[in-house]
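Enquirer: Let me give you the structure first, and then I'll get to my questions.
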Amino acid sequence: GAGVSQSPRYKVAKRGQDVALRCDPISGHVSLFWYQQALGQGPEFLTYFQNEAQLDKSGLPSDRFFAERPEGSVSTLKIQRTQQEDSAVYLCASSSQAGVNTGELFFGEGSRLTVL
Amino acid sequence: GENVEQHPSTLSVQEGDSAVIKCTYSDSASNYFPWYKQELGKRPQLIIDIRSNVGEKKDQRIAVTLNKTAKHFSLHITETQPEDSAVYFCAAIRPNTGNQFYFGTGTSLTVIP
């Protein structure tokens with residue numbers, strides 16, 4: 001596609017429900033990132049994939065958060081037993097470059113999660 | 001890890017005036033410093049970036065300066081226009097970390113017509 005696509009754009013969940021957020025990066029992009037953006041804050045790193053390999057998951061706030069990118073393209077961020085503090089916009093970004101060759105991040109429009 | 005601080009958190013300027021946003025970083029190994037613009041409800045988009053081997057970079061009305069010794073970098077917007085109103089984020093990237101971008105907390109810029 002022309003850009004990074006995320007779905008759903010908006011998700012309302014009851015506390016304790018599981019949610020899955022999808023990211024479809026730009027075709028051919030090697031690197032894929034998930035960020036969490038709370039209201040009025042900058043994006044906070046969650047996890048990074050290079051192709052299908054999850055090279056860094058140090059930003060995942062708890063073991064309720066899980067991300068995968070099984071075929072090196074589409075990625076899913078799953079949050080189990082959602083809590084109110086999980087309410088945020090979840091941004092996905094992709095880059096054509098990997099490793100030390102830092103390149104521009106292309107962001108999706110985000111998935112806004114509200115946990116009631 | 002890296003710690004990026006950004007100031008001010010909000011900034012209002014009259015149309016045509018200049019706007020300056022400043023960021024500091026903590027890790028001297030960081031070598032890439034992009035600036036992203038995020039309009040309300042939209043995705044962040046790269047507007048300008050600078051690498052550590054350069055002190056200044058310009059692109060029309062936008063410029064970024066980098067002081068490696070002091071570990072700070074700034075975004076300068078001249079002749080501001082209402083469409084410049086948005087939230088601006090700086091970021092710092094350390095090499096060999098899988099491209100983990102550390103973002104500042106953002107500056108909400110309002111350009112008053």
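Enquirer: For peptide A:84-95, how many partner chain Cβ atoms fall within 10 Å of a residue's Cβ, on average?
Expert: Working: counts 0, 0, 0, 0, 0, 2, 0, 3, 1, 5, 0, 2.
The shielding value for this peptide is 1.
Enquirer: Where q = 0.19, 0.20, 0.21, 0.25 Å⁻¹, what log10 of I(q)/I(0) comes from the Debye formula for the stretch B:1-79, counting one point per Cα?
Expert: Debye intensities relative to I(0), on a log10 scale: -0.88, -0.97, -1.05, -1.36.
Enquirer: Would you tell me the mean number of C-beta atoms belonging to other protein chains that fall within 10 Å of each C-beta in B:100-109, as a whole number? Could you put the intermediate results ahead of the total?
Expert: On the way: counts 8, 10, 4, 7, 3, 3, 5, 1, 1, 0.
The per-residue average across the peptide is 4.
Enquirer: Please list, in order along the stretch B:80-86, the HN-Hα scalar couplings obtained from phi with the Karplus expression 6.51 cos²θ - 1.76 cosθ + 1.60 (θ = phi - 60°), rounded to whole Hz, x for Gly and Pro.
Expert: 4, 10, x, 6, 7, 4, 4
Enquirer: Take the Cα atoms of the stretch A:50-107, find their three principal axes, and give me the spread along each one in whole Å, biggest first.
Expert: 37, 21, 19
Enquirer: Return the carbon/sulfur percentage of the accessible area of the stretch A:48-90, one whole number, probe 1.4 Å, all protein chains in place. Please report the intermediate quantities before stating the final value.
Expert: On the way: 960 of 2260 Å².
It is 42 percent, rounded to a whole number.
Enquirer: Summing both sides, how much accessible area is buried between B and A? Use a 1.4 Å probe and give Å² to the nearest 100. Walk me through the intermediate numbers first.
Expert: Details: alone 6420 and 6470 Å², together 11020 Å².
About 1900 Å² of accessible surface is lost on pairing.
Enquirer: Cut-off 10 angstrom, C-alpha nodes, Gaussian network model of chain A. Which of A:Ser96, A:Ser73, A:Ser31 fluctuates the most?
Expert: Greatest mean-square fluctuation among the candidates belongs to A:Ser96.
Enquirer: Please figure out what share of the DSSP beta bridges in chain A is antiparallel and state it in percent, rounded to the nearest 5.
Expert: Working: 33 of 37 bridges.
Taking every DSSP beta bridge with both residues in chain A, the antiparallel ones total about 90 percent.
Enquirer: Taking amide hydrogens as modeled 1.01 Å from N in the peptide plane, which residues meet the under 5 Å criterion relative to A:Gln41, leaving out close sequence neighbours?
Expert: HN-HN under 5 Å from A:Gln41: empty list.
Enquirer: Just subtract the alpha-carbon distance of B:Asn3 and B:Leu46 from 0.36 nm times their residue separation and send over the number in nm, one decimal.
Expert: 13.5 nm
Enquirer: Shielding of B:41-48 by partners, i.e. mean partner chain Cβ atoms within 10 Å per residue?
Expert: Values: counts 5, 3, 12, 12, 4, 5, 0, 0.
For peptide B:41-48, the averaged partner shielding equals 5.
Enquirer: What's the local net charge at A:Val12, with K and R +1, D and E -1, over the other residues with C-beta under 15 Å away?
Expert: Details: positive: A:Arg9, A:Lys11, A:Lys14, A:Arg15, A:Arg112; negative: A:Asp18, A:Asp86.
My count for the surroundings of A:Val12 gives +3.
Enquirer: For B:Ile112 and A:Gln83, what is the calculated FRET efficiency with R₀ set at 45 Å and r taken between the beta-carbons, to the nearest 0.05? Write down the numbers at each step before the final one.
Expert: Numbers: r = 40 Å, r/R0 = 0.89.
My answer for the efficiency is 0.65.
The values are calculated or read from the model by the stated rules, or taken from the named source; none is laboratory data. It should be emphasised that the depicted structure is a prediction, and the values quoted were computed from it without experimental measurement. Neighbour counts run over all protein chains shown; Cβ positions are idealised from the backbone, glycine included. Remember, those area values only see protein heavy atoms, side chains included, never the ligands or the DNA or RNA. Shrake-Rupley method; radii C 1.70, N 1.55, O 1.52, S 1.80 Å.
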